[in-house]
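What follows is one structure encoded as structure tokens, with my remarks underneath.
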Amino acid sequence: MPWLVWHSLLGQKVRESDALKVRNLMPCRGIRCLDGAIPVLVNLLTSEDVLTQDNAVTSILNLSIYENNKGLIMLAGAIPSIVQVLRSGTMEARENVAATLFSLSLADKNKIIIGASGAIHALVELLQNGSPRGKKDAATVLFNLCIYQGNKGGAIRAGIITTLLKMLTDSSKSMVDEALTIMSVLASHQEAKAAFVKADTIPILINLLRTGLPRNKENAIAILLALCKRDA
């Protein structure tokens, strides 16, 4: 855990009991020594002080990188508070929340919990209206969540298809790779097939076969193939 993160956390107007817990953990620089910090940090996610909340999110992101901490973060009941920050936090906090959710979703069982938490709708909103980095982070975690079949319908109902098509046709072309990658995992889902056809996606994909980069063409072919397959 970066020392400056802890120093910043302690400088905020947090409850005295929480500050004391953090102070007691400060001598331990190793990740294992900081296990007890996770419940404190989860509580700080609901702080009314914006900087405290931002720093708590960043700290949880840093901790989530280590495999053993993923389970501790989940056990601390962090997901509802994380999703709330994703909905209403600062843009920087929302970016870091998306990165945190990606880190946590690397464990397959967490994909189910995160998908059921309301995070997908908030991630689609970040994909639509976030900063460039926020959109990239949202796309990465949405792809990972949609690997689990049970999350695909939720993403579709959250409006992801419309957002992906806008990304494909945007003049900047900055998110074409991400859009096609997500579409490739959705295309086998029956609801997604119907939504893609209704949205007149096939001409866009055919155009990419003519004008896209080699990797875009590969994804476009894979999506078209999935759309053409009959369900068993």
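Could you rank the peptides 143-155, 90-102 by their average count of other C-beta atoms within 10 Å per residue, with the highest value first?
90-102, 143-155
What spacing in nm lies between the two simple spin-label points modelled at residue 172 and residue 206, each 7 Å away from Cα in the Cβ direction?
It is 3.0 nm.
If you rank 48, 178, 125 by how much accessible surface each has, with a 1.4 Å probe, what is the order from largest down?
48, 125, 178
Would segment 91-176 count as rounded, prolate or oblate if I go by the C-alpha gyration tensor, calling it rounded below 1.5 in a/c and otherwise prolate when a/b exceeds b/c, oblate otherwise?
Verdict is oblate for segment 91-176.
Filter 152/198; 109/166; 166/193 down to the pairs with a C-alpha to C-alpha distance above 24 Å, please.
109/166
The values are calculated or read from the model by the stated rules, or taken from the named source; none is laboratory data. A quick note: this is a predicted structure, and the numbers were derived from the prediction, not measured. Ideal geometry is used to build each Cβ from the backbone, glycine not excepted, and the neighbour counts take in all protein chains shown. Each accessible area value is taken on the protein alone, full model and side chains, heavy atoms only, with ligands, DNA and RNA left out. Shrake-Rupley method; radii C 1.70, N 1.55, O 1.52, S 1.80 Å.
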